[in-house]
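J.: Sharing a structure, written as structure tokens. Questions coming.
What follows draws every value from the coordinates through simple rules; no lab data is involved. No experiment lies behind these values; they were computed from the predicted model shown. Note that we place each Cβ from the backbone using ideal geometry, even for glycine, and neighbour counts take in every protein chain shown.
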Amino acid sequence: MNLLDGHKINYHTKEISDMFEGRLEAPIYVEISPTGICNHKCLFCHYNYLGHEGKFKKGKILELVRELAEIGVKSVVFAGNGEPTLHVDTIEAIQLAKSLGLDVAMSTNGALLKEEHFDILAKNLTWIRFSFNAGSEENYAHVHQTKSDDWHKVIENIKKLKEAKTRLKSDITIGSQFVLIPENKEYALEHGQRLKDLGVDYFSVKHFYDHSHNEFEVKEVISEEFIESLSKEAEKLNSDNFNFLVRSTKNLSSKRVYTKCYGLEFIVFIDENGDVYSCFSHQYDKKTIMGNVFQNSFKEIWASVKKQESLNHINDCIEKNSCQPNCRHHQINNYLWELKNPSIEHVNFI
Ligand code: SF4
């Protein structure tokens, strides 16, 4: 299993113990959606059903970042339901978060980056992931539902970020993700070669995961033979500086061994309307909201009855086998369920 399909919660033993004892003081990882608005409308986007509306008011993300650092959050990712670089505060928030000791990352389509951003990103981000899901300018315009010019802009922007990384001797990991759908599958291999030539560190081909509210219909199931052949060809492109990952198909099943999601409190998502969620996938269910950062501080929300009610609702009322196959918490849930309910006997005979 590669790291993108795995988890790293085992490196946080104190937090695991605190969570099981009901006294976890802060999530480890917080994802912030500065805006729901997007300059693209990718065919497969899980968030199209939310309508791509709403944004943080000016200055509020900075206030939130200060608070998250103060309570002990370890990493923040700017991503979300829309394109994070469309928000006027995002670049400043990245710098602020880094200066306060947080690990910072961003997921972006990369089309709106400007000349003045590249050095800042190279200096402050641990990783960036370009969502780049096509293999030609026409294919890009179709899959991303945008103008074909953006294809060239993204390629130029990746080049400029790579140049800044090299010049500044930055450790930033530059990645690119490609959601594999029938509309782009024939381009996956050549796009991997293109990204290798551009100098990205990895190219990840991810399967499309169905979601109960997703409007996109997959017209054709991508065969196992296709995936196997792509994986074999991908391996040939791997080198010391480049990793071409075809994500595991094992995660395509929605069957769960667990009935409680013990990972919920470790990863938290704050949407563009200020609502705080643990489970990203059930944003349509208002009972999963822990609170709202436009109305209360994060600390107040974390200590609130409403937060506990939202966790109880997810754990007691949502049928886990009907969730999308590989939710953000899935591998952490698996690991923690096994810790709490060992499937092997005689664990004290270590
Ligand atoms: S298993 Fe279902 S309820 Fe639990 S975190 Fe994943 S999507 Fe949410």
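J.: Can you report the number of residues in the range 188-212 which are under 21 Å from S281 (Cβ atoms), out of contact with any strand residue (DSSP E or B) (no Cβ under 7 Å at 6 or more places or on another chain) and among the small types (G, A, S)?
T.: Residues meeting the conditions: 1.
J.: Let me ask you something else. Being free of Cβ contacts under 8 Å to residues at least 60 places away in the same chain, surrounded by 13 or more Cβ atoms within 10 Å (Cβ to Cβ) and more than 21 Å from Y29 (Cα to Cα) is the filter; apply it to the range 310-337 and report the residue that is farthest from the ligand (Cβ to nearest atom).
T.: It comes out as H313.
J.: Being closer than 21 Å to H52 by Cα and not aromatic (F, W, Y) is the requirement here; does D201 meet it?
T.: Considered against the rule, which asks whether it is closer than 21 Å to H52 by Cα and not aromatic (F, W, Y), D201 comes out as no.
J.: Please determine whether any residue of the range 247-260 is within 23 Å of the chain's Cα centre (by Cα) and more than 30 Å from K340 (Cβ to Cβ).
T.: no
J.: Between a residue in the range 144-156 that is free of Cβ contacts under 8 Å to residues at least 12 places away in the same chain and any residue that is among the hydrophobic types (A, V, I, L, M, F, W, C) and outside any loop (DSSP other than H, G, I, E, B), which pairs come within a Cβ distance under 6 Å, given they are 6 or more apart or on different chains?
T.: S148/A141
J.: Every residue in the range 255-283 that is within 8 Å of the ligand (Cβ to nearest atom) and not charged (D, E, K, R), please.
T.: Passing the criteria: Y258, C261, G263, L264, S278, C279, F280, S281, H282.
J.: OK, next. Hey, could you check the range 216-241 for residues that are part of a helix (DSSP H, G or I) and among the hydroxyl-bearing types (S, T, Y) and say which is surrounded by the fewest Cβ atoms within 10 Å (Cβ to Cβ)?
T.: That would be S229.
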